[in-house]
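Input: a single structure, listed below in structure tokens.
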Amino acid sequence: SHRLGELQKITVNLNQGSLCQKPARVAAIVFPIYDHGSSARIEHQSPANAALQLLACCMNYEKHSEVAVRYVCGLMGDLPASRLYYGNGKSAAELIGSIYKE
């Protein structure tokens, strides 16, 4: 984490129509896992497993500690979570789109 500032950054230009003007509601948490050659599939996660996965990715855990744990546990109590295994990005996007329609 102490070397994050060394990562090369790129500028991404977005048109005005692709920007949200207000916060979007989080509908689900999906942990993508690339699996060369496999078809896209979803594996549902328990709230406890999903919370542990999110906390493992928390880069500022030392700063927030128990507050982070409480927040993530509360978040996972309200949201479905899944692991997405995929070998092709397009099929993964189609699968997610078919499952999490608004």
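The values are calculated or read from the model by the stated rules, or taken from the named source; none is laboratory data. This one's a predicted model, so the numbers in the text were calculated from it and none came from an experiment. Don't worry about glycine lacking a Cβ; one is built from the backbone with ideal geometry, like all the others, and counts go over all protein chains shown. Heavy atoms of the whole protein, side chains included, go into the accessibility calculation; ligands, DNA and RNA do not. Shrake-Rupley method; radii C 1.70, N 1.55, O 1.52, S 1.80 Å.
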In deg cm²/dmol, rounded to the nearest 500, the helical mean residue ellipticity at 222 nm of the chain, built from -39500 (n - 2.57) for every DSSP H run of length 4 or more, is -12000 deg cm²/dmol
What accessible area per residue, rounded to a whole number of Å², is obtained for the chain using a probe radius of 1.4 Å?
-> 81 Å²
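Probe radius 1.4 Å, ligands and nucleic acids ignored: give me the carbon and sulfur share of the accessible area of the chain as a rounded percent. Mind dumping the intermediate values first?
Working: 4560 of 8250 Å².
C and S fraction of accessible area: 55 percent.
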Can you tell me the relative contact order of the chain? Whole percent, Cα pairs under 8 Å, sequence separation 6 or more.
-> 42 percent
Any chance you could get the radius of gyration and Dmax over the Cα atoms of the chain, in Å?
-> 16.3, 40
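Could you put 73, 58 in order of accessible surface area, largest first, with the 1.4 Å probe and the full protein assembly present?
73, 58
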Listed by chain and number, the residues whose amide H is under 5 Å from that of residue 31, excluding neighbours fewer than 5 places away on the same chain and using placed H, are 82, 83, 84
Taking 0.36 nm per intervening residue step and subtracting the Cα-Cα distance, what contour gain separates residue 70 from residue 6 on full extension?
-> 19.9 nm
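Mind checking the full-extension length gain between residue 31 and residue 100? Use 0.36 nm per residue of separation minus the Cα-Cα distance, one decimal, nm.
On the way: separation 69, 0.36 × 69 = 24.84 nm, distance 1.40 nm.
Extra length from residue 31 to residue 100 when fully extended: 23.4 nm.
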Distance from segment 7-34 to segment 68-85 (C-alpha centre basis), Å = 19 Å
Positive-pole candidate from 53, 69, 36, dipole of segment 17-70, charges at beta carbon | 69
Dipole size in debye (nearest 20) for the chain around its Cα centre, Lys and Arg Cβ +1, Asp and Glu Cβ -1?
-> 200 debye
